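Each remark here refers to the structure printed beneath this line.
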Amino acid sequence: MSNALPSRDPDDRLPLRERKKLRTRAALTDTALQLFTERGFNGVTLDELCDAVEISKRTFFRYFAGKEDVAMAPTQDLWRAFLEDLRTREPGDGPVLEMLRDALLAAMDRMSADGWAHRVLLSRRLAAVTPSMDAHGLHFCHDTGRAARATLHRRLDLDDPDDPRTRLAVDMLVAAFHCALDTWMAGPGTPTRADLAAHLRDVCAALPGSLTLTAGPRPPGQP
């Protein structure tokens, strides 16, 4: 019989104060997604959400900027982890887009909390019917893209800060993620984090072909 101790969750190595913060943040996210799913995003007030988690609004704003922010936390956490990885990732000899893809896959691998994939599913379903969440997501996406480009220019030998290829590489990664996310959500069964990562790899592999894709007009009378 092995005497090895069971592996610990990385969060267990954090100070108690930080672990409590993470638990409060997780409780807010889970409760918000549950209530928004049951009653609609606009059917739940911030006061009701805070009461359900037994915290004050002041405490809520220590973690999130508003209802949209907490509702979109699962994917926003992923992209923040992506930026963290990008700031320290050693550039390889391959294309910048591959570096970006690997950083996002590594960030996805860090989303180890139980139920992350389910939270993403609930969040994206809410965003599809909530215009304010969609607008919030666009703003977050813009800020994330700008931060990613700044990191690339700071760490890589990219002479021209106005070179459109840097922006296009970041934008293609974002587009690939959303394409993978749509396929993942539409799939059968219970989607997992590993499924999403596999879809992302497939979509990124299809990107070069999309740049040279040609097609003639559909023949008349063909559905």
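Rule-based calculations on the coordinates, nothing more; no lab input. Keep in mind that what you see is a predicted model, and the values were worked out from it rather than measured. FYI the Cβ positions are ideal-geometry reconstructions off the backbone, even for glycines, and counts take in every protein chain you see.
In what order do Phe36, Phe61 fall by count of nearby beta-carbon atoms within 10 Å, going from fewest to most? Please report the intermediate quantities before stating the final value.
Numbers: Phe36 23, Phe61 13.
In increasing order of surrounding Cβ atoms, one gets Phe61, Phe36.
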Checklist outcome for this item: By the DSSP-based rule, helices of the chain that are at least 20 Å long along the axis (C-alpha) and have a mean Kyte score of at least -1.0 are 16-39, 73-88, 96-110, 131-155, 164-186, 193-211
